[in-house]
Amino acid sequence: MSWLTDGVMQAVLLITAGITLGMLASLVVQRTLRRRRASVRARLDERIRPLVLAATVAEDDETDALLARVRALGADERAHVRRTVFAMLRDVTGEAADRLRAVGDAAGIVPRVLALSEDRSPALRADAAEALGLLQPPGALALLCRLAEDPVPAVRTVAIRALGAYTEPEAVERVIAALATDSGVPNNAAASALLQQGLAAGDRVRLALEHPDAGVRRGAARVAGLLQAPGVGERLVGLLDDDDESVRLAAIRSLERLPVAAAVPVLLEAALADGRDGEAAAATLAAMPPAWTTGALARIEAQGVPAVRRAAGIAREALA
Amino acid sequence: MSWLHDAVSTIILALSWPSAIYFLLSNTAMLVLVLLASRHFVRHLRESDHTGREAMAASPLSPGVSVLVPAYNEAAVIRTSVRSVLDLRYPDHEVIVVNDGSTDATMQVLREAFDLVPDDRDIPGRLPVRGEIVAVWRSRGGVVPLTVIDKQNSGRSDSVNAALDLASKDLVVMVDADSILEPDALLSVSKPFADDPDRVVATGGAIRIVNNSRVLGGRIVEIRMPKQLIARIQVVEYLRAFMLGRTAWSDLQALVLISGAFGMFRRDVLLEVGGLDPDSIGEDFELVMRIQRWIRDGRRDKRVVYVPEPVSWTEAPSTLQVLARQRRRWHRGLWEVLWKYRGMLLRPRYGRIGAVALPYYWLFELFAPLLEILGLVLIVLGFATGALNTGMAVFLIVVSYGYGTLVTLTAVIVEEASFHRYERWRDLGATLWAVLAESLGYRQLTAVWRLQGWWAGLTGRTQVWGEMTRAGFAGTTDASGRAGDAEGRG
Amino acid sequence: MSARILVVDDDRDIRDLVAIKLESAGHEVVMQPDGSQGLEAALAGGWSVIVLDVMMPGMSGIDVLRAVRERGDRTPVILLTARGQEKDIEAGFAAGADDYVTKPFSPRALLARVTAALG
């Protein structure tokens, strides 16, 4: 312990004290800066917000004057207009949204978003993708299709979600491609976008049910029942003996909303096999028209395990 | 007597260096965890605008969730709490309440408030449930996605198992009837499942301290710093050990503990591993260890993920007496689970769990109170006998308390830069005072309680084993007694 | 025809967007930022229409609606619900709502529904 001299000790204590003071200072500085930013924003908001709100209800003859006022604003104020417009666009549709877009345009939002879409920071590219989806300026579709192939999965995911608002064939194509197992886009996000594209995607959904990639089949199967696309039911039945468990499960659940009589025997088999999809199969059978399922439900009552019987809505034996 | 003096001096000297090294390692390990967590926040906080939560909230494709709510004598709050669970923002969730043999009007309140009718559907019986089921109810015509199981008293874990058996959705989450939930709680913790459905099997979220915040109709309407110092220290403690610590463990893919107050699991996995262990005191820790073992034993490519977003609010103990009971219980639970899974320690097959997480919990959690007390005794005795020169004594204090306080301060800075949830200047002052006070008394007190809990686990195992869980659930009547178990063990 | 309309929503943007549209049509609008204050205002009475957000911290819009109807108050209520929350719509009608609008919403469509509710 000879090295533990007073000198060394003093040094240790001094360093500790220094670090502590530095940390305290950093806390105070962070908080001061944040509060100052917040108050600057609040002051900007007081002036900008009424302007943007007024624009959403402006008559046609008032719009030009409002937009001229926006164009005349300073750089900071226009930046705040952009933020406000962006936040409000999430809340409204229709005419008010068109007005907001015009205000955003006047504040220079489009060139800014276009520039961001090529930024080096993935977070900013993701911002751009989201903004493109909300603003839908001319050329947004092409840009979103490009962002849907961004090297960073998080950016691709935001782009795919934004593409849900577009029904053009290339948009549907990108979204379906994003369903693939190795796309890096969550299957759920891509399937939700496909659902949003709605019946415009109907034909492609039908084809996707037979895609070689299990992720695509799974996503398409989940969406098919909700879309109620014509001619999809039979193909869903075909997926009930798919090799991939998640595809089978998706098909079973989709059939709950899109009943097909031909599915009954396969569903019954699944229900009695009591695999992971047994309960789902029983629930789907219970949701189908009784005329089709009386026999199947009777067999489940006689042979099904309790969990499957419960899913089919069958009473406890002691009570029955 | 000089020989005694010499002997004591020798022992003190011999122990002082190992103690100093232990504290250095322990604090450094915590610092590394805090820094790992801050790296996580730097990477992910920017993305929060794009997490797609809105899209998930609106999508009928989001995975279904069954919310399991065990309730014992909750007549006063059950109506509000069930309603607040039903009102959670989520496109597809059902609620399964278990009335665990309440002696008050819990069951009647439920029946009247939600217009329940008997549910005579079959009961799967996939899990052994000890408490006999008296009846199952559901809302008339299925208007409200609510099922109520009325059963005899058998403790919280067994009640959760009963609910799990009747759950019908792909995901299940366990929630306490008296906890206050964030409206977006289900969206936050189910997101990893939706993003990576084939691999994620369990997730947990941040539990926060509600003391002194304004609560209305089962929701937080204004976040406020607790008034008592003892609760404020726990705010800091939760931040460092639970929120930052678990974020880091999750990133290391070595998360072994998800709070039982809000843990979400894949239902099929939970059924496969057998649900909660009704005999375990640290049942949440025990469950996640069992899942981690199941993952590694089966060489499965699965994940347990922590989401550092607030999901649930709990009342932290505000008296020493209740805090003592909580910490004894936690440490006893920690010991029993670590001992039960000692076979996983340092075994290569268990990867980072065996090589990093478990050694950390053994060394720096389980043994921490022992070393803490030992260090204290060393400093005091060494000083009194003159065996330690001033330098060494100061050095020991610096590496244990000084360094520890700095690590906590780092955690506070990380929170200031990321979430900054207590915005007033006064709150910052309160936080800093709590950081200091944690080292000056709080740590020493908790060390004593933790040792007591450990001792109880070592000695009283055979006698109180089965009863302890029940006592903790049914016997504790004060509100904060249960709250103790909302979070657990760093 | 001018009417007194109560708008309850915890989201400031939505509150303001709804209010300015209704005000532009000549209605008098009062805003409340959460369920409990909304309920207090609603029970004070004198409203022609109430526009209620469903998902609010504290009391939900459905809670407010139930409490209003339990008093025997039949003031027309229009709910604002998130897209995809079908069960909110079911629960809303079960609790006595007259109409609903999903978010993101069209202010014009909302005004049309308010006008219809005013009869």
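The values are calculated or read from the model by the stated rules, or taken from the named source; none is laboratory data. These numbers come from a predicted model, not from an experiment. Positions of Cβ are backbone-derived with ideal geometry, glycine not excepted, and every protein chain shown enters the neighbour counts. Note: accessible area is taken over every heavy atom of the protein model, side chains too, but ligands, DNA and RNA are not part of it. Shrake-Rupley method; radii C 1.70, N 1.55, O 1.52, S 1.80 Å.
If you take the residues in the stretch B:1-21 that are among the aliphatic types (A, V, I, L, M) and without any contact (Cβ under 8 Å) to a residue 24 or more places away in the chain, which one is most open to solvent (accessible area, probe 1.4 Å)?
Filtering the stretch B:1-21 for residues among the aliphatic types (A, V, I, L, M) gives B:1, B:4, B:7-8, B:11-15, B:20-21.
Subset that is without any contact (Cβ under 8 Å) to a residue 24 or more places away in the chain: B:1, B:4, B:7, B:11, B:14, B:21.
Details: B:MET1: 162, B:LEU4: 70, B:ALA7: 41, B:ILE11: 98, B:ALA14: 67, B:ILE21: 88 Å².
Filtering first and then ranking leaves B:MET1.
Regarding A:ALA102, is this residue away from chain C (no Cβ under 14 Å) and open to solvent by 60 Å² or more (accessible area, probe 1.4 Å)?
On the way: away from chain C (no Cβ under 14 Å): yes; open to solvent by 60 Å² or more (accessible area, probe 1.4 Å): no.
Here the answer is no, as A:ALA102 does not meet what is asked.
Before we move on, is B:LEU440 more than 10 Å from chain A (Cβ to nearest Cβ) and in a helix (DSSP H, G or I)?
Numbers: more than 10 Å from chain A (Cβ to nearest Cβ): yes; in a helix (DSSP H, G or I): yes.
For B:LEU440, the condition - more than 10 Å from chain A (Cβ to nearest Cβ) and in a helix (DSSP H, G or I) - is met.
Could you tell me how many of the residues in the stretch A:280-302 are within 13 Å of chain B (Cβ to nearest Cβ) and open to solvent by 40 Å² or more (accessible area, probe 1.4 Å)?
So the count comes out to 5.
C:MET55 fails exactly one of the following numbered conditions: (1) crowded, with 20+ Cβ neighbours inside 10 Å; (2) away from chain B (no Cβ under 13 Å); (3) hydrophobic (A, V, I, L, M, F, W, C). What is the number of that condition?
Here C:MET55 meets the rest and fails (2).
Being among the acidic types (Asp, Glu) and away from chain C (no Cβ under 14 Å) is the filter; apply it to the stretch B:32-91 and report the residue that is least open to solvent (accessible area, probe 1.4 Å). Don't jump to the end; show me each part of the working.
Of all residues in the stretch B:32-91, those among the acidic types (Asp, Glu) come to B:47, B:49, B:54, B:74, B:87.
Then drop every residue that is not away from chain C (no Cβ under 14 Å), which leaves B:47, B:49, B:74.
Numbers: B:GLU47: 72, B:ASP49: 98, B:GLU74: 35 Å².
That would be B:GLU74.
Do we have any residue at all in the stretch A:138-146 that's in a loop (DSSP other than H, G, I, E, B), more than 18 Å from B:LEU61 (Cβ to Cβ) and either open to solvent by 30 Å² or more (accessible area, probe 1.4 Å) or not assigned by TED's automatic domain parsing to the domain that holds A:LEU89 (or both)?
yes
With the requirement that a residue be more than 9 Å from chain B (Cβ to nearest Cβ), hydrophobic (A, V, I, L, M, F, W, C) and open to solvent by 80 Å² or more (accessible area, probe 1.4 Å), what does the stretch A:1-28 give you? Reasoning before the result, please.
Taking the stretch A:1-28 and keeping what is more than 9 Å from chain B (Cβ to nearest Cβ), we get A:2-3, A:7, A:10-11, A:14-15, A:17-18, A:21-22, A:25.
This time we only want the ones that are hydrophobic (A, V, I, L, M, F, W, C), so: A:3, A:11, A:14-15, A:17, A:21, A:25.
A:TRP3, A:LEU14, A:ILE15, A:LEU21, listed by residue number.
Please specify each residue of the stretch A:226-247 satisfying the condition of being within 14 Å of chain B (Cβ to nearest Cβ) and either on the phi < 0 side of the Ramachandran plot or not in a loop (DSSP other than H, G, I, E, B) (or both). If you could, list the steps in order and put the result at the bottom.
First, the residues of the stretch A:226-247 that are within 14 Å of chain B (Cβ to nearest Cβ): A:226-228, A:244-247.
Across the stretch A:226-247, the qualifying residues are A:LEU226, A:LEU227, A:ASP244, A:GLU245, A:SER246, A:VAL247.
For A:ARG276, are the conditions met, namely being assigned to a loop (DSSP other than H, G, I, E, B) and either open to solvent by 50 Å² or more (accessible area, probe 1.4 Å) or at positive phi (or both)? Spell out how you get there, then give the answer.
Working: assigned to a loop (DSSP other than H, G, I, E, B): yes; either open to solvent by 50 Å² or more (accessible area, probe 1.4 Å) or at positive phi (or both): yes.
Judged against the criteria, A:ARG276 is a match.
So in the stretch B:92-122, with the set limited to residues that are buried (at least 23 other Cβ atoms within 10 Å of the Cβ) and in a strand (DSSP E or B), which one is farthest from the other protein chains (Cβ to nearest Cβ)?
Among those that are buried (at least 23 other Cβ atoms within 10 Å of the Cβ) and in a strand (DSSP E or B), it is B:ASP100.
List the strands (runs of 3 or more DSSP E) inside the stretch B:176-270, counting only whole elements, that have at least 2 residues being in contact (Cβ under 8 Å) with a residue 12 or more places away in the chain.
Passing ranges, in order: B:200-209, B:219-222, B:262-266.
Report yes if some residue within the stretch B:50-67 is hydrophobic (A, V, I, L, M, F, W, C) and at pLDDT 95 or above; otherwise report no.
Yes, that holds for at least one residue.
Looking at (1) aliphatic (A, V, I, L, M); (2) free of Cβ contacts under 8 Å to residues at least 40 places away in the same chain; (3) within 25 Å of C:ASP16 (Cβ to Cβ), which is the only condition A:MET23 fails?
Checking A:MET23 against (1) aliphatic (A, V, I, L, M); (2) free of Cβ contacts under 8 Å to residues at least 40 places away in the same chain; (3) within 25 Å of C:ASP16 (Cβ to Cβ), the one that fails is (3).
With the checklist (1) surrounded by fewer than 17 Cβ atoms within 10 Å (Cβ to Cβ); (2) over 22 Å from A:GLY139 (Cα atoms) in hand, flag the one item A:GLU118 doesn't pass.
(2)
Mind checking which residues of the stretch B:368-392 are farther than 30 Å from B:ALA206 by Cβ, more than 10 Å from chain A (Cβ to nearest Cβ), of a type in the set (A, V, I, L, M) and touching a residue at least 12 places away in the same chain (Cβ under 8 Å)?
Going through the stretch B:368-392, the residues farther than 30 Å from B:ALA206 by Cβ turn out to be B:373-392.
Now drop any that are not more than 10 Å from chain A (Cβ to nearest Cβ), which leaves B:373-387.
Those still in the list that are of a type in the set (A, V, I, L, M) too: B:373-374, B:376-381, B:384, B:387.
Once the filter is applied, which keeps residues that are farther than 30 Å from B:ALA206 by Cβ, more than 10 Å from chain A (Cβ to nearest Cβ), of a type in the set (A, V, I, L, M) and touching a residue at least 12 places away in the same chain (Cβ under 8 Å), the stretch B:368-392 yields B:ILE373, B:LEU374, B:LEU376, B:LEU378, B:ILE379, B:LEU381, B:ALA387.
Could you list, in sequence order, the residues of the stretch B:252-306 that are touching a Pro at 6+ places or on another chain (Cβ under 8 Å) and crowded, with 19+ Cβ neighbours inside 10 Å?
Quick first cut of the stretch B:252-306, residues touching a Pro at 6+ places or on another chain (Cβ under 8 Å) only: B:303, B:305.
Correct list: B:VAL305 only.
For the stretch B:307-345, how many residues are open to solvent by 10 Å² or more (accessible area, probe 1.4 Å) and within 24 Å of B:VAL201 (Cβ to Cβ)?
Adding up the residues that qualify gives 9.
Residues B:LEU409, B:LEU445, B:LEU432: which one is within 12 Å of chain A (Cβ to nearest Cβ), at pLDDT 95 or above and open to solvent by 20 Å² or more (accessible area, probe 1.4 Å)? It would help to see each step written out before you state the result.
Details: B:LEU409 fails: open to solvent by 20 Å² or more (accessible area, probe 1.4 Å); B:LEU445 fails: within 12 Å of chain A (Cβ to nearest Cβ).
Checking each option against the conditions leaves just B:LEU432.
Would you be able to say whether some residue in the stretch A:180-188 is within 11 Å of another protein chain (Cβ to nearest Cβ) and among the small types (Gly, Ala, Ser)?
yes
Which residue is farthest from the other protein chains (Cβ to nearest Cβ), if the candidates are limited to the stretch C:81-112 and must be in a helix (DSSP H, G or I), over 18 Å from C:LEU22 (Cα atoms) and open to solvent by 60 Å² or more (accessible area, probe 1.4 Å)?
Applying the first criterion (in a helix (DSSP H, G or I)) to the stretch C:81-112 yields C:86-95, C:107-112.
Then keep just the ones that are over 18 Å from C:LEU22 (Cα atoms); that gives C:86-95.
Subset that is open to solvent by 60 Å² or more (accessible area, probe 1.4 Å): C:86, C:90, C:93-94.
Details: C:GLU86: 8, C:GLU90: 7, C:PHE93: 11, C:ALA94: 6 Å.
Ranking the candidates gives C:PHE93 first.
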